[in-house]
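Please treat every number below as a calculation from the coordinates, not as lab data. All values derive from a computational prediction rather than experimental measurement. Counting neighbours? That spans all protein chains shown, and the Cβs are built from the backbone with ideal geometry, glycine included.
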Amino acid sequence: MPDPVPDDVDVLVTRHLPALRAFVRLRMGRELRVREDSCDIVQSVAREVLAHADRFQHGGEAGFREWLFTTAHRKIVNRLEHWRADKRSDRREAGDVLPEELAAFGASPSRHASVREELAAIEAAFDTLTQEQREVVTMSRLLGLPHGAIAARLGKSEVAVRKILSRGLARLAASLAGDGGDAAG
């Protein structure tokens, strides 16, 4: 049995859970979303981080956020590789899992359907982005990294990162507005 989880890591996991949920849903991509529920991956990531809390070297909240999202990214890649190896059945039933957040608030079935439609639209819009745009939007909006840090990670200039982010957000907006997301890529 692992050592008790330090209170600060537990608090940090709780604080970053909404962003982790969003990160996982968007990073899963369509191929993995039809096979697995994002809530299962989020739970697995949280469990792993809490079980290995002793490995966190207090790089502050930003360091924790990076560790958390790196763990999530690795988990998503591993699950995708698993499914691509065709070890499991090809599809899970569409819409068989409701977001646990809605159940906690006692949302009505029509609200469940509405949220499911909104999530599907956001996921479909995110899927229209180039890989580079997905990376930059994720790092900027979900991880909260400044443009300079994103530029350093991607080996690009800060101006290039700003352009990629701008184009990605424009494509998302166009796609969500029903324009098909044909903004310049």
Whole-Hz ³J(HN,Hα) from phi, Karplus 6.51 cos²θ - 1.76 cosθ + 1.60, for the stretch 18-32, glycine and proline x: x, 5, 5, 4, 5, 4, 5, 4, 6, 7, 4, x, 4, 4, 7
Karplus-derived HN-Hα couplings along the stretch 126-135 (A = 6.51, B = -1.76, C = 1.60, θ = phi - 60°), whole Hz, x at Gly and Pro: 5, 5, 7, 6, 5, 4, 4, 5, 4, 4
3J(HN,Hα) from dihedral phi, the stretch 69-85, Karplus parametrisation 6.51/-1.76/1.60, rounded to Hz, x for glycine, proline: 6, 5, 4, 5, 4, 4, 5, 5, 4, 4, 5, 5, 4, 4, 5, 5, 6
Listed peptides 65-78, 125-138 by packing density, highest first (mean Cβ within 10 Å): 125-138, 65-78
Sorted by Cβ density within 10 Å, fewest first, the residues E61, E36: E61, E36
